[in-house]
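Take a look at the structure below.
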Amino acid sequence: MKKIAFILHGKMRGKKSVKESLIKIFSANYIVRFYETVHPRHAEELSVNALNDGCDFLISVGGDGTLHEVVNGFLKSGGRGRFQSILGVLPYGTGNDFARGIGVTKNIDQLSEMISRNSSALLDAGCMEIHLSDGSVNTCYFDNIADLGIGADVVVQVNGVNLRKKILGGTLTFFLSVLTTFITFKPKNVRVSWDGFAWEGKVLSLVVANGRFFGSGLGVAPDAKLDDGMFEVVIFADLSVIDYLKNFARVRKSLRVMHPEAHYYRAKEIYVEPLGNKAIVEADGEIAGQAPVLYKCLPAAMPFLIP
């Protein structure tokens, strides 16, 4: 019998009920294994354990952050070159932007059908090489979107308010963090280059997109495709927060922002270096470090269940 590993966020709401449903639906035809996180970054470690346990399917049960860690565990362990496992997601988080992009819901029957039909495709992944001051390089991966600018600063705010989150709740905390960031944000001065192309200046946001959506459904990269071997690079340059808010409805509808300071490109590798102030970078809603950073598209790196 094939083995299914479910990597669960340990603090997921309704976890007991979800586990019972998964056992009911899958235990007759598969060996079911549960791996639950107990601390940050634990899903990456657990995914490696599941791979070494010979699991055929590696399913992230949680949000974008849990999936980010599962993908990192898979790719850092050798990925397709070492394992035959297929990745998947059961989206029980708040954003679920990658799942939204591939049309996956938290309907367990949908997951069961994908697994029974082995309905998978080879999707691209992103690689980030963050160049540290001591000359070393920190490498991490992302399945969906990496960005620098106001989005990354929002993530810093959200991740730094644990006490406030306990008092006010996650949704209100996120809203207040966004509001605080919009009020205090200062544009980042950067230089962006690839394949003979170079651009430099102030940015409100620089997005390197494998998928289309981030920030709980914002279609920031309308033309991004998960299987074309390219990133969509979106530069909101010297664009004010007010201008961004005026175009928010277009971003929500996954339409291009029609503004002279909004630029859309396609590239396989992008190097970004700061010009002056510090520029934090994030990937899939997780802080990765700060520029300079080299982004690389890894074609067909993720065997992934899709409808």
With G73 itself left out, Lys, Arg at +1 and Asp, Glu at -1 over residues whose Cβ is under 13 Å from its Cβ give -2
Excluding near-sequence neighbours (fewer than 8 apart on one chain), segment 3-118 holds lysine pairs with C-alpha atoms under 17 Å apart numbering 10
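Tally Lys and Arg at +1 and Asp and Glu at -1 over the other residues with C-beta under 11 Å from the C-beta of Y271: what net charge comes out?
Net charge in that neighbourhood comes out at -2.
Between beta-carbons, use under 14 Å as the cut-off and find the net charge around D195, counting Lys and Arg +1, Asp and Glu -1. List each step's numbers first, then the result.
Numbers: positive: R266, K268, K296; negative: E269.
That works out to +2.
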Taking the alpha-carbon centre of each part, the distance from segment 23-90 to segment 114-136 in Å is 14 Å
Cross-link reach from K186 to lysines, straight Cα distance under 24 Å and at least 8 residues apart if same chain, gives K202, K246, K278
The chain: antiparallel bridges as % of DSSP beta bridges, rounded to 5, reads 75 percent
Relative contact order in percent for the chain (Cα pairs under 8 Å, 6+ apart) equals 21 percent
Honestly segment 3-118 on the Cα gyration tensor test (a ≥ b ≥ c root eigenvalues; a/c under 1.5 rounded, otherwise a/b vs b/c for prolate or oblate) is just rounded
Toy charge model, Lys and Arg Cβ at +1, Asp and Glu Cβ at -1: the chain dipole around Cα centroid in debye, rounded to 20, equals 940 debye
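Laboratory data are not the source of any read-out in this text; all were calculated from the coordinates shown. No experiment lies behind these values; they were computed from the predicted model shown. Methodologically, a virtual Cβ is constructed for each residue, glycine included, from the backbone with ideal geometry; neighbour enumeration extends over all protein chains shown.
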